[in-house]
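The values are calculated or read from the model by the stated rules, or taken from the named source; none is laboratory data. Owing to the predicted nature of the structure, the values given are computational and were not obtained by experimental measurement. When we count neighbours, we look across all protein chains shown, and the Cβ atoms used for this are built from the backbone with ideal geometry, even at glycine.
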């Protein structure tokens, strides 16, 4: 599967993507707000292999974000369906060298289009730590509505963290 936008190509992961994944996710400032810690080579290889192995069931859809004409991964975006396969949780990460250019919004918007228009999902939601305003900003720019602020609802990296929750329904996407 490949999705193209005005400035990006979102494609399935390839085994060689582990190098770019490592370059991005070995940086503490990148993984600060993620559920996992910095990656080493083994972790990056294993993560990419899990993505490739999981492609067939479409419970998890995760795509490499690249620039046209350059197949190098600059980030990733994806979603995971829950118990109800019509509902999915969205995520996105763009490497520091490419942040601040609107790529996260553009990539996630393409993925939302796929989720609602192709797969017929009913609801897509995402969350972020309130101390990560860039992530909240992406979800707002996508048109996702704020659904709430959960207090100390998740234990990440040795601390209880809050979550801001955003969501969009299919009917809101199609408006």
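Just one of the listed residues (44, 4) is within 17 Å of the chain's Cα centre (by Cα), more than 29 Å from residue 120 (Cβ to Cβ) and at pLDDT 95 or above, and it is 44. If you go through the stretch 27-38 and keep only what is surrounded by 13 or more Cβ atoms within 10 Å (Cβ to Cβ) and either modelled with pLDDT of 95 or more or assigned to a helix (DSSP H, G or I) (or both), you end up with 30, 31.
Of everything listed in (1) under 22 Å from residue 4 (Cβ atoms); (2) in contact with a helix residue (DSSP H, G or I) (Cβ under 8 Å, 6 or more places away or on another chain); (3) surrounded by 19 or more Cβ atoms within 10 Å (Cβ to Cβ), the single unmet condition for residue 115 is (2). Do we have residue 51 as under 13 Å from the mean Cα position of the chain (by Cα) and farther than 20 Å from residue 142 by Cβ here? For residue 51, the condition - under 13 Å from the mean Cα position of the chain (by Cα) and farther than 20 Å from residue 142 by Cβ - is met. Answer yes or no: is there a residue in the stretch 87-96 that is farther than 23 Å from residue 119 by Cβ, surrounded by fewer than 21 Cβ atoms within 10 Å (Cβ to Cβ) and touching a residue at least 40 places away in the same chain (Cβ under 8 Å). So far as the stretch 87-96 goes, yes, one or more of its residues are farther than 23 Å from residue 119 by Cβ, surrounded by fewer than 21 Cβ atoms within 10 Å (Cβ to Cβ) and touching a residue at least 40 places away in the same chain (Cβ under 8 Å). Among the conditions (1) touching a strand residue (DSSP E or B) at 6+ places or on another chain (Cβ under 7 Å); (2) outside any strand (DSSP E or B); (3) surrounded by fewer than 21 Cβ atoms within 10 Å (Cβ to Cβ), the only one that residue 50 does not satisfy is (1). The listed residues are 91, 160, and the only one of them that is at pLDDT 95 or above and farther than 15 Å from residue 10 by Cβ turns out to be 160. Report whether or not residue 120 is farther than 19 Å from residue 52 by Cα, surrounded by fewer than 20 Cβ atoms within 10 Å (Cβ to Cβ), over 11 Å from the mean Cα position of the chain (by Cα) and modelled with pLDDT of 95 or more. Yes, satisfied. Taken as a whole, the stretch 152-165 holds no residue that is crowded, with 20+ Cβ neighbours inside 10 Å, in contact (Cβ under 8 Å) with a residue 24 or more places away in the chain and within 21 Å of residue 61 (Cα to Cα).
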